[in-house]
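S.K.: This is the structure, below, for whatever I ask next.
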Amino acid sequence: MALALLLDIGNTNIKLGIADRGEISHSFSLPSGRSYTADYLGLLLLQFFGQAHCPPEKLETAIACSVVPSLEPILRQACRKYLRQELLLVPQDLPIPLENRYEEPSQVGADRLVAAYAARRLYADPASIICVDYGTATTFDCVEGQVYLGGLICPGLFSSAAALSSNTAKLPAVSLEMTDPELTPGRSTSTSINHGFIFGFAAMTEGLCARLSKRMAQPCFVLATGGFSSSLSRVMRCFDAVHPELLLEGLRILYVQAGKEPANSTAGGAA
């Protein structure tokens, strides 16, 4: 069975996935180190395939979505040398079939377009979709029909928490673990920070989605993704579905589309 290597190259992490034309079978994440060499990343890729028990010889293609231009040539070299594959970058080498209505289309991050495209392919019926991604930044991307309208870029949950602790002498760094699904006044500094950030970002998300949906065709479907989306969904009322690995799923669908076969996904789950 032919396989595809999927790479989501973000500012904080590089997410890797192995997929066939039906589903993503394995995923892995590592920090986006700016000092990586092609050999280091190539050996990591081989290790990833070994842990997944997937022979690299079965690899048919490697597809990446990147917001870190400095890592792109290094990953291209790593894939060429260690996997004998030319890395395809989205949208430079593999177009995203959405009409992009940004004033400067090239300024939209590829990750936002891929996630928006995946949301539309997974949920074809709603007139419009808001895709909320909790990454280094929190992004809201809006789709109507097959048109990408644009969206919002807000601070990220963990980057905001890190900034707070690094610029305040008496406030500790906290893990932002979901300890209580109900908002209560914090009786310790760690609880105060936890509840402030978790419920603060929940309120921000609910408020912005409510405002955005009024400007979009109805019904409007709200989809959450990103590593913290599952935890936040426990205290949210606006999500219709949660797909933590939506971007990798979008890359898989683009891979299937390139092969002109149906994209029947089994990834993700309802909120």
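S.K.: Pull out a ≥ b ≥ c, the square roots of the eigenvalues of the alpha-carbon gyration tensor of region 1-143, then state rounded if a/c is under 1.5, prolate if not and a/b is larger than b/c, and oblate in the remaining case. Display every interim value, and only then the final one.
M.R.: On the way: a/c = 1.96, a/b = 1.50, b/c = 1.31.
Cα axes put region 1-143 in the prolate bin.
S.K.: Moving to a separate point now. Pairing the Cα long axis of helix 189-213 with the longest principal axis of the chain, what angle in degrees results, from 0 to 90 and rounded to the nearest 10?
M.R.: For 189-213 against the chain, the angle is about 70 degrees.
S.K.: Quick one, which of (1) 21.6; (2) 12.2; (3) 15.2 is the actual mean projected area of the Cα convex hull in nm² calculated for this model?
M.R.: So the calculated entry is the one marked (3).
S.K.: When only C-alpha pairs under 8 Å and at least 6 residues apart count, what is the relative contact order of region 1-68, in percent?
M.R.: This gives 43 percent for region 1-68.
S.K.: Given the options 106, 29, 229, which has the most mean-square fluctuation in a GNM of the chain, springs set between C-alpha atoms less than 10 angstrom apart?
M.R.: Among 106, 29, 229, the largest mean-square fluctuation in the Gaussian network model of the chain belongs to 106.
S.K.: For region 204-263, what's the relative contact order in percent, using C-alpha pairs closer than 8 Å and at least 6 residues apart?
M.R.: Relative contact order of region 204-263: 28 percent.
S.K.: Which percentage, to the nearest 5, of the DSSP beta bridges contained in the chain is antiparallel? Provide the component values of the computation, followed by the final result.
M.R.: Working: 30 of 51 bridges.
Antiparallel bridges make up about 60 percent of those DSSP assigns within the chain.
S.K.: Still on this model: Towards the positive end of the charge dipole of region 91-163, with charges on Cβ (+1 Lys, Arg; -1 Asp, Glu), say which of 162, 114, 129 has the farthest Cα.
M.R.: So the residue furthest toward the plus end is 162.
S.K.: Of the heavy-atom accessible surface of region 68-206 (probe 1.4 angstrom), what whole percent is carbon and sulfur?
M.R.: Roughly 53 percent of what the probe reaches on region 68-206 is carbon or sulfur.
S.K.: By its C-alpha gyration tensor, with a ≥ b ≥ c as the square roots of the eigenvalues, how is region 174-261 shaped: rounded for a/c under 1.5, else prolate for a/b larger than b/c, else oblate?
M.R.: Since a/c reaches 1.5 but b/c is at least a/b, the shape of region 174-261 is classed as oblate.
S.K.: Assign one of three labels to region 55-129, namely rounded, prolate or oblate, based on the Cα gyration tensor with a ≥ b ≥ c the square roots of its eigenvalues; rounded applies when a/c is under 1.5, prolate when it is not and a/b is larger than b/c, and oblate otherwise. Kindly include the intermediate steps, with their values, before the conclusion.
M.R.: Numbers: a/c = 3.34, a/b = 1.67, b/c = 2.00.
It is oblate, given that a/c is not under 1.5 and a/b is not larger than b/c.
S.K.: In whole Hz, with x marking every Gly and Pro, tabulate ³J(HN,Hα) for region 235-244 from phi via Karplus 6.51 cos²θ - 1.76 cosθ + 1.60, θ = phi - 60°.
M.R.: 10, 10, 10, 9, 7, 8, 7, 10, 10, x
S.K.: What angle do you read, to the nearest 10 degrees and between 0 and 90, between the alpha-carbon axis of helix 38-51 and the longest principal axis of the chain?
M.R.: Result, in degrees: 90.
S.K.: Restricting to bridges with both residues inside region 32-178, how much of the DSSP beta-bridge set is antiparallel, in percent to the nearest 5?
M.R.: Among the beta bridges of region 32-178, antiparallel pairing accounts for roughly 70 percent.
S.K.: Sticking with this structure for a sec: Per residue, how many Å² of accessible area does the chain show with a 1.4 Å probe?
M.R.: 48 Å²
The values are calculated or read from the model by the stated rules, or taken from the named source; none is laboratory data. Being a predicted model, the structure only gives us computed values, none of them experimental. Note that each Cβ is placed from the backbone with ideal geometry, even for glycine, and that neighbours are counted across all protein chains shown. Just so you know, the surface numbers come from the protein's heavy atoms only, side chains and all, with ligands and any DNA or RNA stripped out. Shrake-Rupley method; radii C 1.70, N 1.55, O 1.52, S 1.80 Å.
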